[in-house]
Amino acid sequence: MIQVNNLTKQYAGVKVLDIENFTINKGESFGLVGNNGAGKTTFFRLILDLIRASSGTVLINYEAVNKSISWKMITGSYLDQRFLIDYLTPEEYFEFLSNVHGLSKGDLEKFYSDFATFFNDEILGKKKYIRDLSKGNQQKVGIAAALMTKPELLILDEPFNGLDPSTQIRLKNILNEKKNDPNVTVLVSSHDLKHVTDVCGRIAVLDKGRIIHDITTSKDTLVELENYFAV
Amino acid sequence: MIYKWFLLHQWREMKRSSIWQRNIALNIVLGLLIGIMLLYLLVLGLFIDKILAELYPDGDPVKIFNGILFYYFGFEFFLRFFMQSLPTLNIESYLHLPIKKSSIVHYVAAKSVFMIGNYLSWLVMVPFAFKVIAPAYSTNTAVVWLASFVLLVFTINFFTTYVKRQLVNKPSIVGVFGLVLIALVLLDYFGVLSLSAASTFAFGQILLHHELIVLPIVLVILSYLLNYWFLKSRLYPDEVTVKKKQKQDSLADIKYLKTLGLTGQLISLDLRLIWRHKRTRSIVFMAPLFLLYGLFFYPNPAYQKMYPMFIFVGIFMTGGMMLNYINYCFSYESNYFDNILVNYKDLERYIRTKYILGISIATACYILTIPYIFFGTDIFLINTMTYLYNIGFLSFVLFYVATFSKKRMDLSKGATFNYQGMGASHWLSMLPAFLLPVLIFLPFNFMGYKTGGMLFIGALGVAGLLFSRLMIAFVYKQFMKRRYEMAEGFRE
């Protein structure tokens with residue numbers, strides 16, 4: 001699904017990301033952990049072609065992300081609040097997205113009913129702009145927007161941040177569903193090791209821009225990760 | 001059509017911003033002013049043939065008119081440079097979606113086409129083309145002439161937006177371009193070359209050879225592409241701010257400021273704020289344009305009779321930069337305004353610091369305008385008195401107005417697609433501050449006491465300076481009253 005070749009990103013001469021060869025296969029649920037400044041968000045931004053790589057390429061379905069846009073058709077993503085158009089109401093935002101992605105009115109209705117529990121009556125029909133929602137509810141809008149198109153590739157940066165406990169559990173259920181779907185590839189980053197081990201089949205540890213561990217999740221993984229970060 | 005969505009979103013953004021909702025009164029005034037302007041232009045257009053015949057009874061009106069077109073384009077460039085705000089789009093919300101990048105760029109590059117400024121001159125040009133050119137030549141010629149003119153207006157439009165965009169990116173380019181313009185004006189003034197002859201010739205050729213319309217077409221496409229390429233190469237949001245390795249400047253350890261204690265520290269903080277953000281720094285680079293403003297008015301014999309006009313020029317030159325600073329001094333700090341409210345123990349001193357910095361800026365500008373004494377001691381008197389008015393009176397008015405600012409300014413955001421510069425509404429809201437001294441002056445002028453009037457304006461400033469403690473206390477009180485609203489707006 002995703003191939004990374006000799007990818008680096010430098011700021012002011014300092015390498016903040018340096019990944020030689022790395023592949024994420026179709027259907028995998030991939031988790032990325034690392035301390036602040038390890039390069040998680042930078043990596044995601046490079047995959048989404050939001051920043052220009054200093055060298056190397058990212059391929060999605062064998063096409064370089066900075067050359068073609070066909071990957072955008074199958075990708076759903078939410079990195080941070082800047083993805084939201086905050087002066088729209090959630091409904092207006094979803095309507096816009098459904099239009100951009102070529103979804104029908106019926107699809108949109110289906111989406112609303114599918115996500116009714118996830119939204120928990122706090123998002124739709126409130127006549128509030130996204131900017132007036134709480135941080136957690138903004139996060140919900142962003143995550144739902146990423147899931148809306150039923151993407152083959154889902155990329156979420158710290159999706160659990162700021163969510164209330166119920167929503168965290170709901171999101172975990174959604175991600176677990178995706179994990180068992182062989183057609184969906186998921187990339188998630190998190191600071192919460194427990195969350196990642198719960199929802200990801202494969203976990204990589206990023207440190208100072210390099211991938212230093214690449215583990216298939218087993219029941220020992222959580223302890224292994226905790227030991228690593230305990231230093 | 002993705003463009004339809006962009007337009008809809010921007011319309012909603014504007015309508016839903018708290019600034020717009022608050023400023024309905026200002027918008028109505030703006031609408032009225034534009035309406036009056038439209039009316040004037042329409043009348044001018046309808047009677048343009050009679051006016052030209054009256055002014056130049058023996059001349060060929062087409063030739064005369066063609067002769068002023070180059071000046072007009074120059075004038076339009078300057079007007080647009082100061083008045084026209086750049087089209088923006090919050091691209092980060094769209095980049096991850098399946099939207100072609102070129103569509104995003106085309107939208108931002110082409111949006112300036114909708115600015116009303118592009119169409120104002122049509123009110124004069126269309127009647128002129130059909131009332132004067134068509135009878136003298138042919139309707140075809142009139143259409144070609146009009147089309148060339150319109151194309152050139154759009155060229156100026158795209159070119160100005162390009163220059164304005166470069167202002168943030170590479171101020172030196174703008175500087176060089178400004179110098180070339182000034183050189184042209186001076187050469188024309190001293191009769192070395194004649195812009196009017198060149199203008200007559202250029203448009204005369206178009207009247208004779210219709211195929212020359214290709215030239216404006218090429219120009220408009222080129223100027224559009226300049227914008228397109230510029231934006232296209234800056235689509236990655238992170239690059240605009242951190243392209244080069246930033247050397248740490250030594251602003252933090254200016255010795256003199258250290259001896260001033262807390263006040264010095266606050267000044268040094270503001271200096272760093274201005275110098276370390278592209279948007280604020282670009283305003284510093286705009287200073288020469290403010291200072292050179294006088295060159296277009298003082299030597300021009302046409303303005304000699306309009307003495308009150310010079311007051312306007314003087315205020316603008318010695319106070320333009322200060323105005324910019326004071327107007328935005330609180331919004332600049334919107335990212336950490338809560339921090340200021342929580343941590344600064346002596347907020348009155350905070351205001352005083354801003355005042356000191358503001359009048360220092362004005363003083364620097366004033367010193368730089370001293371060479372205008374070359375155009376006469378009269379001019380020197382105007383600059384001096386307006387300077388005193390600026391630092392002693394206008395500055396406090398501006399602070400008072402600044403406490404009403406509620407708009408968050410995210411200085412750390414890349415400026416290419418988010419440029420929030422000064423637009424027409426900004427200048428219009430400042431108009432009363434510029435007009436007041438002119439109003440004060442008019443009765444003196446009427447009675448023949450020009451110098452007396454100027455001295456009175458200066459005295460107003462001196463009085464303000466004498467009571468500066470009281471004035472600052474007053475601004476401080478107002479600031480404390482408004483601080484919650486400000487903080488709320490800045491958090492948005």
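Miscellaneous remarks
- When residue A:198 is tested against (1) under 12 Å from residue A:31 (Cα atoms); (2) open to solvent by less than 20 Å² (accessible area, probe 1.4 Å), exactly one condition is not met: (2).
- Condition met for residue A:98 (surrounded by fewer than 21 Cβ atoms within 10 Å (Cβ to Cβ), farther than 24 Å from residue A:48 by Cβ and among the small types (Gly, Ala, Ser)): no
- Any hit, the stretch B:154-162, residues being in a helix (DSSP H, G or I), out of contact with any helix residue (DSSP H, G or I) (no Cβ under 7 Å at 6 or more places or on another chain) and in the same structural domain as residue B:203 (by TED's automatic domain parsing): no
- Residue B:39 vs. criteria open to solvent by 40 Å² or more (accessible area, probe 1.4 Å), within 14 Å of chain A (Cβ to nearest Cβ), in a helix (DSSP H, G or I) and not acidic (Asp, Glu): no
- Scan of the stretch B:453-488 for residues that are in contact with a Lys or Arg (Cβ under 7 Å, 6 or more places away or on another chain) and under 18 Å from residue B:354 (Cβ atoms), ordered by number: B:472, B:486
- Residue check, residue B:477 of a type in the set (Lys, Arg) and either at pLDDT below 80 or under 30 Å from residue A:131 (Cα atoms) (or both): no
- Condition met for residue A:79 (modelled with pLDDT under 85, closer than 29 Å to residue B:12 by Cα and buried (at least 18 other Cβ atoms within 10 Å of the Cβ)): no
- In the stretch A:59-72, residue most open to solvent (accessible area, probe 1.4 Å) [restricted to those that are part of a loop (DSSP other than H, G, I, E, B) and among the aliphatic types (A, V, I, L, M)]: A:69
- Leading residue by the ranking (farthest from residue B:313 (Cα to Cα)) among those in the stretch B:429-471 that are among the aromatic types (Phe, Trp, Tyr) and either at pLDDT 85 or above or open to solvent by 30 Å² or more (accessible area, probe 1.4 Å) (or both): B:467
- Candidates B:160, B:155, filtered to the one that is within 23 Å of the chain's Cα centre (by Cα) and either free of Cβ contacts under 8 Å to residues at least 60 places away in the same chain or open to solvent by less than 10 Å² (accessible area, probe 1.4 Å) (or both): B:160
- Selection within the stretch A:201-216 - open to solvent by 20 Å² or more (accessible area, probe 1.4 Å), under 20 Å from residue A:155 (Cα atoms) and among the aliphatic types (A, V, I, L, M): A:211, A:215
- The single residue among B:105, B:132 that is within 27 Å of residue B:40 (Cβ to Cβ) and either open to solvent by 20 Å² or more (accessible area, probe 1.4 Å) or part of a helix (DSSP H, G or I) (or both) turns out to be B:132.
- Looking across B:79, B:52, B:86, B:69, one residue alone is open to solvent by 40 Å² or more (accessible area, probe 1.4 Å) and either away from chain A (no Cβ under 14 Å) or assigned to a loop (DSSP other than H, G, I, E, B) (or both). It is B:79.
- Whichever residue in the stretch A:75-102 is among the hydrophobic types (A, V, I, L, M, F, W, C) and within 9 Å of chain B (Cβ to nearest Cβ) and, among such residues, is nearest to residue A:39 (Cα to Cα): A:79
- Odd one out for residue B:14, checked against (1) away from chain A (no Cβ under 14 Å); (2) part of a helix (DSSP H, G or I): (1)
- Considering each residue of the stretch B:392-409 in turn, none proves to be more than 30 Å from residue B:489 (Cα to Cα) and of a type in the set (A, V, I, L, M, F, W, C).
Results for (1) in contact with a Phe, Trp or Tyr (Cβ under 9 Å, 6 or more places away or on another chain); (2) open to solvent by 60 Å² or more (accessible area, probe 1.4 Å); (3) modelled with pLDDT of 75 or more, shown as yes or no for each residue.
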position: B:246; (1), (2), (3): no, yes, no
position: B:252; (1), (2), (3): no, no, no
position: B:261; (1), (2), (3): no, no, no
position: B:275; (1), (2), (3): no, yes, yes
position: B:287; (1), (2), (3): no, no, yes
position: B:301; (1), (2), (3): no, yes, no
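- Residue list for the stretch A:217-231, restricted to those being surrounded by fewer than 20 Cβ atoms within 10 Å (Cβ to Cβ) and assigned to a helix (DSSP H, G or I): A:221, A:222, A:223, A:224, A:226, A:227, A:228, A:229
- Elements of type strands (runs of 3 or more DSSP E) in the stretch A:1-58, at least 3 residues being in contact (Cβ under 8 Å) with a residue 60 or more places away in the chain and more than 14 Å from every other protein chain (Cβ to nearest Cβ): A:14-24, A:29-33
- Residue A:169 vs. criteria under 30 Å from residue A:230 (Cα atoms) and surrounded by fewer than 20 Cβ atoms within 10 Å (Cβ to Cβ): yes
- Each residue in the stretch B:258-288 was checked for being of a type in the set (A, V, I, L, M) and not in a helix (DSSP H, G or I), and 1 pass.
- Consider the stretch A:118-166 and keep the residues that are away from chain B (no Cβ under 13 Å) and within 14 Å of residue B:96 (Cα to Cα). The one that is surrounded by the most Cβ atoms within 10 Å (Cβ to Cβ) is A:143.
- Those helices (runs of 4 or more DSSP H) lying entirely in the stretch A:122-216 with at least 1 residues touching a Gly at 6+ places or on another chain (Cβ under 6 Å) and among the polar types (S, T, N, Q): A:135-147
Let's see how each residue does on (1) of a type in the set (A, V, I, L, M); (2) modelled with pLDDT of 80 or more; (3) within 17 Å of residue B:124 (Cα to Cα):
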position: B:51; (1), (2), (3): yes, yes, yes
position: B:56; (1), (2), (3): no, no, no
position: B:66; (1), (2), (3): no, yes, yes
position: B:72; (1), (2), (3): no, yes, yes
position: B:77; (1), (2), (3): no, yes, no
position: B:88; (1), (2), (3): no, no, no
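- Test: residue in the stretch B:374-381 that is under 21 Å from the mean Cα position of the chain (by Cα) and in contact (Cβ under 8 Å) with a residue 40 or more places away in the chain: no
- Selected residue [in the same structural domain as residue B:299 (by TED's automatic domain parsing), open to solvent by 70 Å² or more (accessible area, probe 1.4 Å) and touching a residue at least 12 places away in the same chain (Cβ under 8 Å)] from B:335, B:339: B:335
- Filtering the stretch A:172-181 to residues that are closer than 18 Å to residue A:197 by Cβ and open to solvent by 30 Å² or more (accessible area, probe 1.4 Å) leaves A:172, A:173, A:174, A:176, A:177, A:178, A:179, A:180.
The values are calculated or read from the model by the stated rules, or taken from the named source; none is laboratory data. Keep in mind that this is a model prediction, so the values were computed, not measured. Cβ: placed from backbone, ideal geometry, glycine included. Neighbour counts: every protein chain shown. For the accessible areas, the whole protein counts, side chains as well, though only heavy atoms, and no ligand, DNA or RNA atoms are used. Shrake-Rupley method; radii C 1.70, N 1.55, O 1.52, S 1.80 Å.
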